[in-house]
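Contents: one structure, followed by commentary.
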Amino acid sequence: MKTMKYLSMMLMMLALSVCMVSCGDDDPSEVSGNASITGRWESSEMRINYKEAVLRVEFSSNNKGSLSAIYTDGTDPDTYNFEYVLKKEVNGDTYLTIVWTGNFVLIYDENVEYKITITPSRLVWGGYTYIRK
């Protein structure tokens, strides 16, 4: 009888330890300076400030970047700097949040998580498609 009681206690302890180990962290992990987004991206045929323009976004590995409107009529470009957080969810979705470092905002809102899609040659962000340059 003592042996059965001992074995059932051991079996219960083993089952509990397996259950505790299987619980993992389901929180999204923040990705710092993800190489897949780092670089220069451009989207053409845009209308910014009532002018035709190419929108250029550059992401550096130190979580800083810039967004530029390069006007096709030769007008000086508008460039705005930002800092960013790239977050990859457990389910594979990727989110980008930017914080403007100046007083101006160009197309994207500050502190909004935008769901993005990144491939080696394309970045889809807020309804715009960028090509890696």
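Every number here is computed from the coordinates shown, using simple stated rules; none is lab data. Since the structure is predicted, the reported quantities are computational estimates derived from the model, not experimental observations. Here Cβ is always computed from backbone atoms with ideal geometry, including for glycine, and neighbour counts include all displayed protein chains.
For segment 74-113, the candidate set comprises residues that are surrounded by 16 or more Cβ atoms within 10 Å (Cβ to Cβ) and among the hydroxyl-bearing types (Ser, Thr, Tyr); within that set, the residue that is nearest to residue 36 (Cα to Cα) is 94.
Going through 61, 66 one at a time, which residue ends up being under 18 Å from residue 129 (Cα atoms), polar (S, T, N, Q) and surrounded by fewer than 18 Cβ atoms within 10 Å (Cβ to Cβ)? Working first, answer last.
Details: 61 fails: under 18 Å from residue 129 (Cα atoms).
Only one candidate passes the filter, namely 66.
Report yes if some residue within segment 114-126 is surrounded by fewer than 17 Cβ atoms within 10 Å (Cβ to Cβ) and more than 17 Å from residue 42 (Cα to Cα); otherwise report no. Scanning segment 114-126 turns up at least one residue that is surrounded by fewer than 17 Cβ atoms within 10 Å (Cβ to Cβ) and more than 17 Å from residue 42 (Cα to Cα).
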